[in-house]
1. Expressed in whole Å with the largest first, what are the equivalent ellipsoid semi-axes of region B:114-193 derived from the C-alpha gyration tensor as the square root of 5 times each eigenvalue?
2. Is there a quick way to get the dipole size of region A:68-142? I mean about its Cα centre, with the Cβ of Lys and Arg at +1 and of Asp and Glu at -1; what is the value in debye to the nearest 20?
3. What number, in nm² with one decimal, is the all-direction average of the projected area of the convex hull of the alpha-carbon atoms of chain B?
4. Out of region A:83-151, which chymotrypsin sites (Phe, Trp or Tyr not before Pro) are coil in DSSP terms and have no more than 13 other C-beta atoms within 10 Å?
5. How much of the calculated P(r) for region A:168-247 lies past 14 Å, in percent of all Cα pairs?
6. Using only the alpha carbons of region A:71-154, determine the length spanned along each of the three principal axes and report them from longest to shortest in whole angstroms.
7. Where both partners of a DSSP beta bridge lie in the protein assembly as shown, what percent of those bridges are antiparallel, to the nearest 5?
8. Taking one equal scatterer on every alpha-carbon of region B:89-156, how large is log10 of I(q)/I(0) by Debye at q = 0.16, 0.23 1/Å?
Amino acid sequence: MLKKRIIPCLDIKDGRTVKGIKFLDIQDAGDPVVLAKRYVQEGADELVFLDITATQEKRKTWVALVARIAKEINIPFTVGGGINSVEDAKRLIDAGADKISINSAAIKNPSLISELAIELGSQCVVVAIDIKMENEEWFVFISGGQIATGIKALEWAKQAAFLGAGELLITSMNNDGTKNGFALPILDAISKSVPIPVIASGGAGTQEHFKDLFAQTQVSAALAASVFHFSEISIPVLKNYLKTQHIPIR
Amino acid sequence: MIAILKYNAGNSASVKNAVERLGFSCSITNDHDALKNASKVIFPGVGSANTAMSFLKGKGLDQVIVALKQPVLGICLGQQLLCTYSDEGDTDCLGVFNTQVKKFPPNDRVPHMGWNTVTIKDSHPLFENVSALEDVYFVHSYYCELSNYTIASCEYITTFSAAMQKDNFYATQFHPEKSASVGEKILNNFLQL
């Protein structure tokens, strides 16, 4: 049976992981490779590396870091941040990334999704969508959630899938950082409306939140950052718990 | 020397990284003599069947691959290209495995992406020290039908060949290079053949 995936997300700035990391036994948790290897050992099913470096100038080291990650990591990983063209994506795939994720660039230029799918194959193309509920309706936001697009979340999700995305990464801004659980109704609606896998993000705080997500929606994977970085939830404990709750887990 | 086939549908770098993590040296090449003289050949692949076959034929690699005598491992698209025919782009393939490649019907999400259980048919050198039910990583929209060559199967929408073998040709639909420690064991078993 196909398993539900647990995906830690590492935010990278100037080549280092950001957010305080509480792994006492790790010498250098600021090194993305060191932290990534730890997650692999713990049973992470995939990894996402998001480059939040502000400027292209400082981003020069990113491709070299991706190549170093690819040498060390034996599970699939996605990289995102600052990808605006097929050339940007190709550099990262050639460096060894398994998938790339695009967000604002896809809204600004939807045909980029198709171009990437044709050039690299749909399986490499993750479209990340930041959504926020306003007046009982979910809308797409871009540029780190700062700019409202006025586009309805469900419509964009369907269009992204139609254009050739291999996977969607949906982050609810209302839930992100709250630790009050995932945005179940909209995640369920989106996952039922597209024929491709959906990764849910935003709101994970407890093990039960992951169980509710997988039991109550059709999403394929859950992504979280701080609950794993701060060791509030340990991946092996979470996965064992989900197995006892009859969720298919590796 | 272990040769990894260089062509236009590669995740060759990922496979090279995995082989090197196991302590073997390898080169990514499409030089005919280098392939013929290699101790092992790995035929990776992520991409579409028709463009890959056109590339292989254009470089004369189709003839070279089918004539290889050393152990050969096809991975993902590599496994599919070793079959006779693929639905993907209505493509005639290399014909080492006398079986066909079909598109998944849209009864569930396609691509089949993620960790799924393989059922190993009999004890087989490729799966030495691998337990009968292990999860490995898949990403594909087309599958190889079950056949006499099937040495491991997987269930998603239908039951299909997760791994096959005929003579010196071995193949996996899943990605051993991305399947954590289980994948490393399988890749190592191939490299030790």
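All of the numbers you see were taken from the coordinates with simple rules; none came from a lab. Just so it is clear, the structure is predicted and the values come from calculations on it, not from any experiment. Ideal geometry is used to build each Cβ from the backbone, glycine not excepted, and the neighbour counts take in all protein chains shown.
1. Details: eigenvalues 60, 45, 25 Å².
Listed largest to smallest, the semi-axes of region B:114-193 are 17, 15, 11 Å.
2. Working: 7 positive and 11 negative charges, 65 e Å.
For this selection, approximately 320 debye.
3. Working: hull surface 37.2 nm².
Quarter of the Cα hull surface area: 9.3 nm².
4. On the way: sites: A:Trp138, A:Phe139, A:Phe141; in loops: none.
In loop regions of region A:83-151 (DSSP not H, G, I, E or B), there are no sparsely surrounded chymotrypsin sites (Phe, Trp or Tyr not before Pro).
5. On the way: 1816 of 3160 pairs.
In whole percent, the long-distance tail amounts to 57.
6. 46, 26, 19
7. Details: 36 of 85 bridges.
That works out to approximately 40 percent antiparallel.
8. Results for region B:89-156 at q = 0.16, 0.23 Å⁻¹ read -0.67, -1.16.
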